[in-house]
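Before any comments, here is the structure.
The values are calculated or read from the model by the stated rules, or taken from the named source; none is laboratory data. This one's a predicted model, so the numbers in the text were calculated from it and none came from an experiment. All Cβ positions, even for glycine, are placed from backbone atoms using ideal geometry, and neighbour counts span all protein chains on display. The accessibility values were calculated without ligands, DNA or RNA, using every heavy atom of the protein model including side chains. Shrake-Rupley method; radii C 1.70, N 1.55, O 1.52, S 1.80 Å.
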Amino acid sequence: MSDTMLVDQVTRALAEHCDAATMREVEARRFPRQAWDALAPMGLRLALVPEDQGGAGLGLETAAELFMALGHHGAPVPLAEDMVAAMLFAASGLEVPEDGVLTFAAAGGTVPWGAFATRVATVHGRRLHILAGGIANGRASISGEPRDVIEHATTLAEVTLPESFGDGSARSLTALIRAAQIAGALGAILALAVDYANTRVQFGRPIGRFQAIQQQLAEFAEESACASVAARSAARAADKRGLAGAAFEIGCAKIIAGEAAGKCAAIAHQVFAAIGITEDHSLHHFTRRLWSWREEGGTERFWAQRIGAEAQARGGAALWPDITARDEGIAP
Amino acid sequence: MEGLRFPLRDPPPAAALRARLRDFLREAGRDWTPEIRARSWMGFSREFSLAVGREGWIGMGWSRDYGGHDRSAMERLIVLEELLAAGAPAGAHWIGDRQSGPLILRLGTEEQRRTLLPGIARGELAFCIGLSEPDSGSDLASLRTRAERVPGGWVLNGRKLWTTFGHLCDYMIALVRTSPAPEKGARHQGLSQVLVDLRASGITIRPIRDLTGEEAFNEITFDDVRLPEDALIGQEGAGWAQATSELAFERSGPDRILSSYPLLAESVTALRDDPAAAEPLGREVARLWALRRMSLSIAGMLEDGEDPVRQAALVKDLGNSYEQALPGNLRRMADMDTMPEEVRRMHAYLTQVAPTFSLRGGTREIMRGIIAKELGLR
Ligand SMILES: Cc1cc2nc3c(=O)[nH]c(=O)nc-3n(C[C@H](O)[C@H](O)[C@H](O)COP(=O)(O)OP(=O)(O)OC[C@H]3O[C@@H](n4cnc5c(N)ncnc54)[C@H](O)[C@@H]3O)c2cc1C
């Protein structure tokens, strides 16, 4: 199956099995069993596992498209976490479990979907620990998605990740997932907002006719397009140079996505006005996820601090040559 | 929203070309003042453009038959990027290379191609854009300058305004009315593009001093100016469509992202020991990277023969906002009075001209209008 066919197929399946009710279920701290059972058999777990280990051998660029598709539906199932955890298993030479739910996290951090996972991969530098059990409900994020804490888990295995993963692979992978999910969610919110603007009538015409509304939604579209290009480009860089080698691009993508999340959530709520902040309306499921996801995998502040410090250390004369060299496959 | 799709595109490996460009620019740029570098493609130097032409870096994608160099659109993009990153005064050939040349190549007669393109590619012929008029800015279709057919050619009357480098250029490609607008319906009908030799009699060029004290743009008056038969470019009456597709070239390039880059680079160096500047500088770098990825995507679409007018409007607006915000953002990182002279002067210059970034080439509001329409609003 070609990569685009897979993305299309997953996109259709998500549209069929996930809706606002699925997001509500997650926020009520119930596992979205029905959606998971419908989607898991598509075999995405093996998507990022190399072919010689029995997987589909897809790259992160295709995965980013899948993460965007998930984000478009509010990512109400842990498919991204599961897929990436399986990649970590395989990369460190472990057999990928066939059943259950997998997830991953940086050591010491909260674990997305931890309480529902059968196996958790925690990353300590380049060491990978596989844990089972003992994951307690943690603090829910702004969006009410499960972000759990490890209490008395059993360690089933301790292995080492390849060098190309670097020391911050859990953070980078989370950043990549969330950046792409933000881009996907922005696409969904924009479609909702355009539809609303074309139907909500005030002063005798659809509010979408008012230039003030048009200009705001145009700005939304700009930010959303930028986030999408950034997330996909970062994933492509990771395919080319490994996670450690693509930390710059992943950081940039997370900064752009985080900034877009803030700006666009504000615009969306302005366009929907009062109805948009009601529990009944689906908008908040998306905007609250934007506010949550930008906090994970390193905030804008975290990455900007890093990228800025690196630019300072290299000096202004190297800034442009470094940017072009990266895209042209030359190590800066 | 198909018109807002951005397929990824990577530039080809071009280490050798970039190295040549960087050497050339280091040498050529020895004496560029901070103001020259801050002016970027709004700086005009015939001598510099001739040197760029000698290197084969103008009209790169055009056929050798017309003085071009048969190179790819991506190689051309690399040249533009390096010129901008260095803050090179590339204004004398910028318009010819970016839009007038490509327009003539696509729609000109064989004769027009042979007489004009080689001169542009050598960096000898400078072109300006004759769109705006006193009463027609954003509402361009309302323009009134008109060319009337007479035996053996045309007679041109009217006035163009804000014509950048009009007083220094050889030719203008003007959008003018060649037949009256229909009483009802599309005002876009009856417009044509004509080539105007700026030395023709009946032309008065009045430079207009701008807020920096410089004279870059002009008011150009046409008083019974005789144009030859072959002044028409493309099809009579199709000027609106032609000018609109030209805008994909005008709006999509790295010149909508990198206008203030030299200031960013100097600031990174000046602030290298200030830990508090790391975060805000990092945000600037991230946006630069992301915008460049968008610009590469558009270059890829252009190379594939697509017409990414809407994507170009989108990236222009994002890019302009970025270029424009830099001087203000820097003020939150440091007091300019304490900065090195190079940074202080670039900053002072850019602070004054940054407002133009979201005006020239179509205003922010017009760009956002184009995007809103593509979204299905209005
Ligand atoms: C530095 C510089 C160089 C230039 N060089 C050239 C050149 O070489 N050749 C050339 O032909 N032109 C040139 N221009 C002109 C430029 O294209 C115009 O300034 C631009 O198209 C806007 O026209 P205007 O200035 O008449 O403003 P107006 O159209 O009068 O607009 C004034 C304000 O009203 C807003 N507005 C107008 N219509 C709408 C609408 N429908 N909806 C919402 N808001 C609206 C605008 O966005 C703007 O904020 C240059 C301009 C500058 C600043």
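With bins 10 Å wide beginning at 0, the percent of Cα pairs of segment B:1-146 falling in each bin runs 11, 34, 32, 20, 3. Protection proxy ranking for A:239-252, A:91-104, using the average of other Cβ atoms within 10 Å per residue and placing the highest first: A:239-252, A:91-104.
For chain B, the longest principal axis of the C-alpha atoms and the axis of helix B:341-357 are separated by about 40°. Note on the protein assembly as shown: semi-axes of the ellipsoid equivalent to its C-alpha gyration tensor, largest first and rounded to whole Å, are 50, 29, 22.
Of all beta bridges that DSSP places with both ends in the protein assembly as shown, some 80 percent have antiparallel geometry. Listed cross-link partners A:K263/B:K373; B:K184/B:K373; A:K240/A:K263; B:K184/B:K316 are compared with a 29 Å cut-off, the Cα-Cα value being larger for A:K240/A:K263; B:K184/B:K316.
Per residue of A:299-308, other chain Cβ atoms within 10 Å of the residue Cβ number 6 on average. Accessible surface comparison of B:S201, A:S2, probe 1.4 Å, protein chains only, largest first: the order is B:S201, A:S2.
What does the charge dipole of segment A:3-160 about its Cα centre add up to, to the nearest 20 debye, if the Cβ of each Lys and Arg holds +1 and the Cβ of each Asp and Glu holds -1?
560 debye
Counting only cysteine Cβ atoms and a cutoff under 4.7 Å, the protein assembly as shown contains unmatched residues A:C18, A:C226, A:C252, A:C264. Inter-chain Cβ neighbour count for B:274-280, averaged per residue, equals 5 (cutoff 10 Å, partner chain atoms only).
Compared with the dominant principal axis of the Cα atoms in chain B, helix B:275-303 is inclined by about 30°.
Please report, to one decimal in angstroms, the Kirkwood hydrodynamic radius of chain B built from all distinct Cα-Cα pairs.
Taking the inverse mean of 1/r over all distinct Cα pairs, chain B comes out at 21.5 Å.
Dipole check for the protein assembly as shown: with +1 at the C-beta of Lys and Arg, -1 at the C-beta of Asp and Glu, and the Cα centre as origin, the magnitude is about 1040 Debye.
How much length would be gained if the chain were fully extended between B:A238 and B:T109, taking 0.36 nm per residue of separation minus their Cα-Cα distance, in nm to one decimal?
44.9 nm
Each peptide in A:272-280, A:13-21 receives the mean, over its residues, of other Cβ atoms within 10 Å, and ordering these scores from highest gives A:13-21, A:272-280.
When you count the other C-beta atoms within 10 angstrom of each residue and take the mean per peptide, B:76-87, B:54-65 line up highest first as B:76-87, B:54-65. Using Cβ point charges alone (K and R +1, D and E -1), the dipole size of segment B:82-168 about the Cα centre works out to roughly 180 debye.
The string of couplings for segment B:313-329 from the Karplus curve (6.51, -1.76, 1.60, θ = phi - 60°) is 4, 5, 6, 4, 5, 4, x, 4, 4, 5, 4, 6, 6, 3, x, x, 4 Hz, one whole number per residue in order, with x for Gly and Pro. Working from Cα positions, state the angle (0 to 90°, nearest 10) between the long axis of helix B:364-375 and the longest principal axis of chain B. It works out to around 80 degrees.
Can you give the helix-only mean residue ellipticity at 222 nm for the protein assembly as shown, where every DSSP H stretch with n ≥ 4 adds -39500 (n - 2.57) and the sum goes over all residues, rounded to the nearest 500 deg cm²/dmol?
-16500 deg cm²/dmol
Between A:M5 and B:A15, what FRET efficiency comes out of the Förster formula 1/(1 + (r/R0)^6) with R0 = 35 Å and r the beta carbon distance, rounded to 0.05? The computed FRET efficiency comes out at 0.45.
Peptide A:206-213 has a mean shielding of 3, counted as Cβ atoms of other protein chains within 10 Å of each residue's Cβ.
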